[in-house]
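The values are calculated or read from the model by the stated rules, or taken from the named source; none is laboratory data. This structure is a prediction, so every number in the text was calculated from the model and none was measured. For neighbour counting, all protein chains shown are included, and Cβ atoms are generated from backbone atoms with ideal geometry for every residue, glycine included.
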Amino acid sequence: MESVIKINNLTKDYGSNRGVFDVSLEVRRGEVFGFLGPNGAGKSTAIRHLLGFQKAQQGSCEILGLDCWKKPSEIQKHIGYIAGEIAFPSGMNGWQFLKHIASIRKVNLDVPKQLCEYFQFDPNANIKRMSKGMKQKVGLVVAFMHDPEIIILDEPTSGLDPLMQAKFCDLIKREKARGKTILMSSHIFEEIEKTCDRLAIIKNGRIVTQIEMNQIEHNQNKQFEIRFKAQQDAISFSNLNFNFSEKNFDKNRVKVFVNDSQINNLMAALYKYQLEYISEIKFTLEQYFMEFYKEGGQNYGNSI
């Protein structure tokens, strides 16, 4: 598939190990790509280069084959964008601001009205006095109202309540079905899991993994919770050569990691014990992510 967003070996070094370093990723036409990392990891810095707000020290950024630093005005005709930290002009209410943007974008006012209704808010309040969530909704309306083919979202649900986060995810799915290309940075696992086709995880300004979401959903690493009828059985089993994540002998319970090739060995080992239950624990994006961030953790990126 054609890649419409390209970041090639991007470096912006602010000193003291801050910035982005040799970052490369591509977003294919029609996919939702997640950019996952905690605050300060480098997500916003990379996105600012895509918008042409910053010039790379090394590397380059392209959207639709256009250099993001050299052709920002041309690129912005094709994109919708919400910043991680939104700044609005003073002296306007929300609707006045939306009308102003609509006139620049040549958008029928019915479209921002419909989006305001979708996100269930009244934009007529003074924009500077709005809550964080209200301002975020104004930003989302601006990002989507001109029906852009490419949408770049930096922490788009910051300040939104769970109901609005769910409506946002539904909107992303709808736009994807219409063929839109979406790059979305976030530190919220659930919205990445619900919406994205692929993702990159960034740590200390460097990409540590890129992966298809279905590889996480159907990975070869399994975790099982096992409860034994007798404490001695739990203790005996815990001495076997498996990768245990938890041993709770007060509750006769252990948790164990195995990959697909070890499942038969696990079942054979359990055959001689009396069990209360055995249950598979679904492997999540959060678990995958934390293996890159916890000190000394196992790197699941090598085995998924």
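A few notes on this one:
- Here Ser3 does not fit the description of being farther than 26 Å from Gly159 by Cβ, over 22 Å from the mean Cα position of the chain (by Cα) and hydroxyl-bearing (Ser, Thr, Tyr).
- Residues within region 86-144 that are among the acidic types (Asp, Glu) and in a loop (DSSP other than H, G, I, E, B), tallied: 1
- Restricting region 42-93 to residues that are surrounded by 15 or more Cβ atoms within 10 Å (Cβ to Cβ) and charged (D, E, K, R), the residue that is nearest to the chain's Cα centre (by Cα): Lys43
- Within region 104-115, residues that are in the same structural domain as Gly94 (by TED's automatic domain parsing) have Cβ atoms under 8 Å from residues that are assigned to a helix (DSSP H, G or I) and of a type outside the set (A, V, I, L, M) in these pairs: Leu109/Lys99; Pro112/Lys99; Leu115/Phe144, counting only partners at least 6 apart in sequence or on another chain.
- Test: residue in region 261-281 that is surrounded by 13 or more Cβ atoms within 10 Å (Cβ to Cβ), in contact with a helix residue (DSSP H, G or I) (Cβ under 9 Å, 6 or more places away or on another chain) and among the polar types (S, T, N, Q): no
- Within region 4-60, if we keep just the residues that are part of a strand (DSSP E or B) and charged (D, E, K, R), the residue that is modelled with the lowest pLDDT turns out to be Arg18.
- Listed by first and then second residue, the pairs linking a residue in region 211-222 that is acidic (Asp, Glu) to a residue that is outside any loop (DSSP other than H, G, I, E, B) and surrounded by 13 or more Cβ atoms within 10 Å (Cβ to Cβ), with Cβ atoms under 7 Å apart and 6 or more places separating them unless they lie on different chains, are Glu212/Arg198.
- Here the helices (runs of 4 or more DSSP H) wholly within region 147-266 that include at least 2 residues being within 30 Å of Asn8 (Cα to Cα) are 162-177, 189-195, 213-217.
- Restricting region 186-196 to residues that are at pLDDT below 95 and not β-branched (Val, Ile, Thr), the residue that is surrounded by the most Cβ atoms within 10 Å (Cβ to Cβ): Ser186
- When region 68-85 is filtered for residues that are part of a helix (DSSP H, G or I) and among the β-branched types (Val, Ile, Thr), only Ile75 remains.
- Region 165-185: number of residues that are surrounded by fewer than 19 Cβ atoms within 10 Å (Cβ to Cβ) and in contact (Cβ under 8 Å) with a residue 40 or more places away in the chain: 4
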